[in-house]
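Chemist: Here's a structure for you.
The values are calculated or read from the model by the stated rules, or taken from the named source; none is laboratory data. If you're wondering where the values come from, they're calculated on a predicted model, not measured in any experiment. With ideal geometry, Cβ positions are generated from the backbone for all residues, glycine too; neighbour counts draw on all protein chains shown. The accessibility values were calculated without ligands, DNA or RNA, using every heavy atom of the protein model including side chains. Shrake-Rupley method; radii C 1.70, N 1.55, O 1.52, S 1.80 Å.
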Amino acid sequence: FYNSVRSSNIIRVVPEEGGVIEILTMERRPAWNNKLNDNKFRGAMEVRVMDKKATFINELEFMDYMKGLAEVSNGSLAEKQKAIAILARTYARFYKKQENRKFPNMPYDGSDDPAEFQKYLGYGVEKRSPNFVNAVMITKDKVVTYNGNLIKTPYFNQSNGKTKSAKEVWGWTHTPYLQSVDDPYCKGMTQKGHGVGMSGCGADGMAKAGKSYDEIIKYYYKGVKIENKTF
């Protein structure tokens, strides 16, 4: 059951507690299984006309956002999934702060496009990725800090055996924790992604070698701490 509010160029739909919204006109089918369609979402949904196009804005609890991320496969090792959960939480929290907003002139804080933010697919991912949901719950409130401050935590898919510094890739001079490091578990591979921060193949190799999520994170982000912080 839903409550719907319409005003000028905005339609806002709010489900009853525990309800899920399905957008029947949305087609987001993964290439590996076109029978699935990631068109279901927790929380409220706004439809706004922006630049003459319909834009969907999902307003939901932060924990529900985390559960709907598709940044790591459900079959990945637990320590890699925990590392991804902490990095993704830190990344989103950093850019949600008013002084750091990545989309300052827009009516939203993030994007579902992994090329510009993080890969958020919603309720369908939550239901088919129980291991990642568990990683999100286990690491609840854990974020990465440097000198006590929340930081940017970019991560990517695959290096060629060495990651890159943020200064080298983006010219950042205020992120001393984003240095270039050897990435031996990715040696001989082709770089996929920007190359800064933790690589997916490196995290996978370290998890298989018995490293914990905090060891993995602290290897790729120099001088950082993992702390419990509520916002």
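Chemist: Can you confirm whether H194 is open to solvent by 30 Å² or more (accessible area, probe 1.4 Å), under 29 Å from M63 (Cβ atoms) and not in a helix (DSSP H, G or I)?
Modeler: yes
Chemist: Just one of E46, E61 is more than 22 Å from A203 (Cβ to Cβ) and without any contact (Cβ under 8 Å) to a residue 24 or more places away in the chain; which is it?
Modeler: Of E46, E61, the one residue that is more than 22 Å from A203 (Cβ to Cβ) and without any contact (Cβ under 8 Å) to a residue 24 or more places away in the chain is E61.
Chemist: Could you run through the range 111-136 and say how many residues are in contact with a strand residue (DSSP E or B) (Cβ under 7 Å, 6 or more places away or on another chain) and part of a loop (DSSP other than H, G, I, E, B)?
Modeler: Residues that pass the stated criteria total 4.
Chemist: Those residues that are hydrophobic (A, V, I, L, M, F, W, C), within 21 Å of F41 (Cα to Cα) and surrounded by 18 or more Cβ atoms within 10 Å (Cβ to Cβ), I need them from the range 82-115; list them, please.
Modeler: Answer for the range 82-115, where residues must be hydrophobic (A, V, I, L, M, F, W, C), within 21 Å of F41 (Cα to Cα) and surrounded by 18 or more Cβ atoms within 10 Å (Cβ to Cβ): A85, A88, A92.
Chemist: Check K167, K152, K140 and return the single one that is in a loop (DSSP other than H, G, I, E, B) and surrounded by fewer than 17 Cβ atoms within 10 Å (Cβ to Cβ).
Modeler: K140
Chemist: Shifting gears a bit: Taking the condition of being farther than 16 Å from T153 by Cα, open to solvent by less than 30 Å² (accessible area, probe 1.4 Å) and of a type outside the set (D, E, K, R), how many residues in the range 116-137 meet it?
Modeler: Here the count works out to 10.
Chemist: Now a separate question. Quick one: in the range 79-105, which of the residues that are without any contact (Cβ under 8 Å) to a residue 40 or more places away in the chain and part of a loop (DSSP other than H, G, I, E, B) is nearest to E27 (Cα to Cα)?
Modeler: It comes out as F103.
Chemist: Now, a different point. Working carefully through the options M66, M26, M45, find the one that is part of a loop (DSSP other than H, G, I, E, B) and open to solvent by less than 60 Å² (accessible area, probe 1.4 Å).
Modeler: M26
Chemist: Taking the range 215-231 on its own, how many of its residues are outside any strand (DSSP E or B), in contact (Cβ under 8 Å) with a residue 40 or more places away in the chain and open to solvent by 40 Å² or more (accessible area, probe 1.4 Å)? Spell out how you get there, then give the answer.
Modeler: First, the residues of the range 215-231 that are outside any strand (DSSP E or B): 215-224, 229-231.
Now drop any that are not in contact (Cβ under 8 Å) with a residue 40 or more places away in the chain, which leaves 216-217, 220-224, 229-231.
Applying the additional criterion that residues be open to solvent by 40 Å² or more (accessible area, probe 1.4 Å) yields 222-223, 229-231.
Total satisfying the criteria: 5.
Chemist: Identify, by number, the condition in (1) part of a helix (DSSP H, G or I); (2) open to solvent by less than 60 Å² (accessible area, probe 1.4 Å); (3) out of contact with any strand residue (DSSP E or B) (no Cβ under 6 Å at 6 or more places or on another chain); (4) without any contact (Cβ under 8 Å) to a residue 60 or more places away in the chain that A207 doesn't meet.
Modeler: Here A207 clears every test but (4).
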